[in-house]
Amino acid sequence: MLHRQLFLLCCLVLSTGCSIQPWVQPYERANLADPIMSFSRDPVSSAYLKHVYEARELARGGEGSSGGGCGCN
Amino acid sequence: MVVVVVTKRYVLTALLLLIQLSATHAAVLPEDRADALYHSYDGGGIEISGPSILVRKGDDTSFSVFANHYVDNITSASIDVEALGASQYTENREEQTVGIDYLHGKSILSLSHTNSAENDYVAESTHVGLSMDMLGGLTTVSMGFSRGSDDVFRMTRVDGVKVRDPNFAEQAERRTYQLGLTQVLTKSLVMAVNFETVTDEGYLNNPYRQVRYNNGGANGFQVENYPNTRTSRALGAQLRYFLPYRAAVHVSGRVFEDDWGVTAVNSEFGYSQPLGDHLILDFRYRVYSQTHADFYRDLFDRPDQQNYYARDKELSSFSNTTMGVTLSYEFIKQGWGFIDKASANFSYDRVSFEYENFRDIREDPDVSYNLGEEPLYSFTADIVQFYLSLWY
């Protein structure tokens, strides 16, 4: 029952999202499109540093992957 | 938000809803580029260097394929090697990854496979991921699943030659579940939140590491024994902000825990500053700390003291601090032949490790310590990267 309620709540939130207007318009995304705003500007380098840490620390994951989300296309 | 949906029917319905939400805007594939990197790590008696080549090419509209070849050439005389009286050794690890990203509307489906091989460890891993842009391109939701399979061997010497021990062969399996959200907050601020849980099952020991115990006032040694399962959870967040004079600042943090009793926290602050038309300077400062595993001890009272026992310094309580800088020089910015632009990059990071309950038990000819009162171990590592990137 709880799962069903949570599921319906998620559907409601997502459906509400259909009517949300983007608060940053495409013509306002020049800053976000700049390469220095990338979370991982050079994937080959960030993958190497991630490997260095994961070989020496027990913590792993939760740091995401590169790309996506700047809304600049 | 979809993670709470636990039945197949709900998952399917939610996916359809997400796809419908994302269907009105086109997503973008990663750029076509090639990177050739040389890396070097030097610290704690270990030197590791080698190349990493990453090439990505797509058709601009529906797919992008990539391949990565990575090599570690390792020379090790670490504290773990020296404490047991073993001699320096060299080994090599090679890793290959191939993958494809397939674009459909506002969704990107990703598939990749990685193989890693060294003389005593062979690992295969397959990853599948789905990311979807929605809300006018301001939000990206991603989810991923990886499955890995490792074959673990142990090297031994026969007539002076290192060979695989024919009496030792173990396996481990790994499953990784990822959920991510990237959100544009303002025209200058973007945020990413990622959750990841990993489950391991099988042989998780390092077959060479040993614990030490009090053997009548002297060090006695015994092969470690880890649990055969491990489950971890990590939640990370990043914020990146564009400064008005074309610079960027970022902060990130992560909390982590696993069922071995380890908790960890790390955070990073970074700053990117263009210098003129061709140079970009990046600074970063990172701190990390973790607590030790429940079955870790630096010195056991006796052999077989408990069901599981380990003395890996990676399982101890420790912290580290990193300061790093990257200088990138961009050239051919107007294009040349099939090349759109290029950059040459130099990166240097210095990491300082401070262990809180792992002691340096290597023999010191000048000083004699009582058992369990040796100095705590610490070391620094220098990490250097050179890489050339081409966009085409």
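Selection of strands (runs of 3 or more DSSP E) fully inside segment B:81-198 by the criterion of at least 2 residues being away from every other protein chain (no Cβ under 14 Å) and out of contact with any His (no Cβ under 8 Å at 6 or more places or on another chain) returns B:89-104, B:107-118, B:139-158, B:161-186. Residue count for segment B:250-270, restricted to those that are at the interface with chain A (Cβ under 10 Å from one of its Cβ atoms) and touching a Phe, Trp or Tyr at 6+ places or on another chain (Cβ under 6 Å): 2.
Would you confirm whether any residue within segment B:330-351 is under 24 Å from B:Asp258 (Cβ atoms) and at pLDDT 95 or above? Let's see the steps before the verdict.
Pass one, segment B:330-351, residues under 24 Å from B:Asp258 (Cβ atoms): B:351.
Restricting the remaining residues to those that are at pLDDT 95 or above gives B:351.
Within segment B:330-351, one or more residues are under 24 Å from B:Asp258 (Cβ atoms) and at pLDDT 95 or above.
Looking only at residues in segment A:12-22 that are over 17 Å from the mean Cα position of the chain (by Cα) and not in a helix (DSSP H, G or I), the one that is modelled with the highest pLDDT is A:Gln21.
Results for (1) within 22 Å of the chain's Cα centre (by Cα); (2) at pLDDT below 95; (3) within 15 Å of B:Glu95 (Cβ to Cβ), shown as yes or no for each residue.
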| site | (1), (2), (3) |
| --- | --- |
| B:Glu118 | yes, yes, yes |
| B:Val122 | yes, no, yes |
| B:Val128 | yes, no, no |
| B:Met143 | yes, no, no |
| B:Asp150 | yes, no, yes |
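Only one entry of B:Asp80, B:Asp72 meets the criterion of being surrounded by 19 or more Cβ atoms within 10 Å (Cβ to Cβ), touching a Gly at 6+ places or on another chain (Cβ under 7 Å) and within 30 Å of B:Arg157 (Cβ to Cβ), and that entry is B:Asp72. Could you count how many residues in segment A:39-63 are out of contact with any Leu (no Cβ under 7 Å at 6 or more places or on another chain) and open to solvent by less than 40 Å² (accessible area, probe 1.4 Å)? The number of residues fulfilling the criteria is 10.
The values are calculated or read from the model by the stated rules, or taken from the named source; none is laboratory data. This structure is a prediction, so every number in the text was calculated from the model and none was measured. Positions of Cβ are generated from backbone atoms using ideal geometry, with glycine treated the same way; all protein chains shown enter the neighbour counts. Calculation scope for accessible area: heavy atoms of the full protein, side chains included, ligands and nucleic acids excluded. Shrake-Rupley method; radii C 1.70, N 1.55, O 1.52, S 1.80 Å.
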